[in-house]
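First comes the structure, then the notes that go with it.
The values are calculated or read from the model by the stated rules, or taken from the named source; none is laboratory data. All figures in this text were calculated on a predicted structure; none of them were measured in a lab. No Cβ is skipped: glycine too gets one built from the backbone with ideal geometry, and neighbour counts run over all protein chains shown. Accessible surface is based on the protein model in full, side chains and every heavy atom, while ligands, DNA and RNA are left aside. Shrake-Rupley method; radii C 1.70, N 1.55, O 1.52, S 1.80 Å.
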Amino acid sequence: MSVLIRFKRYPAYLFLLAYSAIILLPLSWLVIASVKPKRELFTKPFSLPSTLDWGGYQRAWNGGLLKYIANSVIVTASSVGLTLLIGGLAAYALAQMKFVGRRLVYSAIIAAYAIPLHGILVPLYDTIVKYQLTNTYFGLILPYVTFGLPFAITVFYAFFIDFPVELMEASRLDGCSELGILWRVVVPLSMPAIASVAIFQGVQIWNEFLLALVVISDDALKTVPLGLVAFRGNYVSDWTAILSSISVTSIPMLILFVAFQKQFMRGLAGSEK
Amino acid sequence: MSRVYFRRNNQVLPYLFLTPALVFLALFMAYPLTETVVKSFYAYDLTSRVLNLVGISNYIELVHDPMFQTAAKNAILFVIFSVLVQIPLGTVLAAVLDRGVTSNASLTFRTIIFSPLVLSIVAVGLLWQLILDPLVGLASAVVKAVGLHPPPLGWLGDPKIAIYVIMAIAFWQYIGFVTLLMFAGLQRIPEELYQAATLDGAGPITSFWYVSLPMVQNALIVTSLLTMIGALRVFDFVYILTGGGPANATQVPATMIYKEAFFLGRMGYANAVSVLLLLATVGLGFVQIRFSRHS
């Protein structure tokens, strides 16, 4: 019987193996080609490198890759941090407190979910110009937080609404302030939701391109996606340098994904539990 | 019992907690949204602050603009093919991952299939651009190795096929998203339903068709909606791979907004494209809501 089941499962494995090959082949080529000596890249497209040539990585590094990575880290970390803080406070008020206009505010925030950055790009750019935020980190951070809030608030709301009121009451009787309750009771219990929001927003912001393209033109402030495009322009025929810069900025994301895949899958699916 | 906590002297606190979020949403979303709609009836450029009221002439011009016709056609193609390719393939992958293989194998394959989701579109686009290089790219080498000819104008240089090549690359990266959402839906189906089906003599394909699919109908609708909205918003793939070319053949609404506003300086005109894009997004949402109520 078990042999029969195994036999029956071969098509399933073959299908998944074939599909995985489609995903993995371009990624493997990326890594292999990035360490190939330049001549072999074109003359022997299918062969493994005869020697490992790390020159591409060196040229990418000298081209300012670290600066782009640092900018992305600063922008992503600040945006995610602010989104968690501001979204968490708002969701807590909506889920745990009673006040006039609660339903209205909640509906408005859900509706905001439907608005894409592309749909309001020009006036958003005008707004950023008006506050003199072009070519500043805040020119990216403030809009990123805004566009992350509807997601963060809906995820946190769904999480907070299930919190037992008794828990908060007990802490209040102990003389805890509302902020104290948030920090000492709510935050430690909300780690799964916080991880989901942080990962989802983190991936989005790390990879965001369109807004960065219109807000940042100063090379010193470019994020990784803008930096990669700049590399394409600067290293037109130096494929190994371009491939190295793609792999050096992509592989950390893949390693993070494999290491935290449970949290990633939850976060990417946009679910809170 | 009400879940909501209420204390008389604390009426200010909820508003205090909400204020930062509402300020952000007002400044960087609600205000630009209003401006987009209002200023789509004006003509103005990047530098001068002069606004000329032109009524609906931006919209009239759009209807006759060949670039917009191409952008709209490409957006519709993108939406249709996203649903026809990504949804079935992504769902079948999810079903096989859910019940076709051991749970260890499933986890390994899921890791592989979902991994492109964490990469930036810019990185993926640049990678494929090199693979598809007409002269020395890997794709042409593969095609030649099996005795065929690569397209003479290049994979991304032929206006007839370029948009489909872009789609294929987008699907390569994002089919995993459909699989991710559908897998989550399939995992919630109770095992007893499959046992009952097996007792009735159902094989894996029959079970998929009569047990799995009906149970994940809502997940399918939500996933389709997200896929369609994603297809309408495409920008990065086109910008990186073709920049909208050759000869504007791969323009989509978002690249057209960018080009009109930031290259041609026609901000009002770009706003009109934005408004139509927003309306299409909202329209899709309504169709999906109605569809899910009827089923």
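In this label model, A:N234 and B:V287 are separated by 4.5 nm, measuring between points 7 Å along each Cα→Cβ vector.
Note on the stretch B:54-294: with charges restricted to the Cβ of Lys and Arg (+1) and Asp and Glu (-1), its dipole about the Cα centre is near 140 debye.
Basic side chains Lys and Arg get +1 at the Cβ, acidic Asp and Glu get -1 at the Cβ, and with that the dipole of the stretch B:1-102 about its Cα centre reaches some 620 debye. Extending 7 Å from the Cα toward the beta-carbon at both A:S50 and A:T136 defines two label points whose distance is 5.6 nm. Applying 0.36 nm per residue to the separation of B:V222 and B:A105 and subtracting their alpha-carbon distance, the gain on full extension is 39.4 nm. Relative to the longest principal axis of the Cα atoms of chain A, helix A:2-34 runs at roughly 70 degrees. Along the charge dipole of the protein assembly as shown, which of A:A198, A:F231, A:S217 sits closest to the positive end, that is, farthest toward it, with unit charges on the beta carbon of Lys, Arg, Asp and Glu (+1, +1, -1, -1)? Comparing the listed Cα positions along the dipole, A:A198 ranks first.
When +1 charges are put on Lys and Arg Cβ atoms and -1 charges on Asp and Glu Cβ atoms, the dipole computed for the stretch A:67-268 relative to its Cα centre reaches about 160 debye. Rounded to the nearest 100, the interface formed by chains A and B buries 8300 square angstrom of accessible surface, both chains summed, with a 1.4 Å probe. Computed from Cα atoms alone, the Kirkwood hydrodynamic radius reported for the protein assembly as shown is 25.7 Å. Here is the link list: A:K36/A:K262; A:K98/A:K130; A:K222/B:K259; B:K73/B:K144; A:K130/A:K222. Which ones come out longer than 30 Å on Cα distance? Checking Cα-Cα distances, A:K36/A:K262; A:K98/A:K130; B:K73/B:K144 exceed 30 Å.
Averaged across B:174-181, how many Cβ atoms of other chains sit within 10 Å of each residue's Cβ atom?
Mean number of neighbouring Cβ atoms from other chains: 2.
Kirkwood-based Rg over Rh for the stretch B:163-295 (C-alpha set), two decimals? Rounded to two decimals, Rg/Rh equals 1.14. Once all protein chains are placed together, B:E192 keeps about 120 Å² accessible to a 1.4 angstrom probe. On the beta carbon distance between A:F15 and A:V187, with R0 = 41 Å, the FRET formula returns roughly 0.40.
Think of the stretch B:54-294 as a dipole: +1 on every Lys or Arg Cβ, -1 on every Asp or Glu Cβ, centred on the Cα centre; then among B:L220, B:G243, B:F81, B:G243 lies furthest on the positive end. When Lys and Arg each count +1 and Asp and Glu each count -1, what net charge do the other residues less than 10 Å away from B:I189, Cβ to Cβ, add up to? Local charge sum for B:I189: -1.
Counting Cα-Cα pairs of the stretch B:54-294 in 10 Å increments starting at 0 gives whole-percent bin shares of 7, 26, 29, 22, 12, 4, 0.
Mean residue ellipticity at 222 nm, helices only, chain B: -19500 deg cm²/dmol; runs of at least 4 DSSP H residues each add -39,500 (n - 2.57), and the sum is divided by the number of residues. Measuring r between the beta carbons of B:W209 and A:A158 and using R0 = 45 Å, the FRET efficiency lands at 0.90. Projected onto their three principal axes, the Cα atoms of the stretch A:67-268 cover extents of 68, 41, 27 Å, largest first. Amide H contacts of B:Y42 (H built 1.01 Å from N, in plane; Pro and chain starts excluded): B:V54 sit under 5 Å, all sequence-distant by 5 or more or on other chains.
Only helical DSSP H runs with n ≥ 4 go in: add -39500 (n - 2.57) per run for chain A, normalise by residue count and round the 222 nm mean residue ellipticity to 500 deg cm²/dmol.
Taking each H run of at least 4 residues, the total per residue is -23500 deg cm²/dmol.
In terms of overall dimensions, the C-alpha atoms belonging to the stretch B:1-156 reach 77, 56, 26 Å along their principal axes, ordered largest to smallest. Across peptide B:221-229, the mean count of Cβ atoms from other chains lying within 10 Å of each residue's own Cβ comes to 0.
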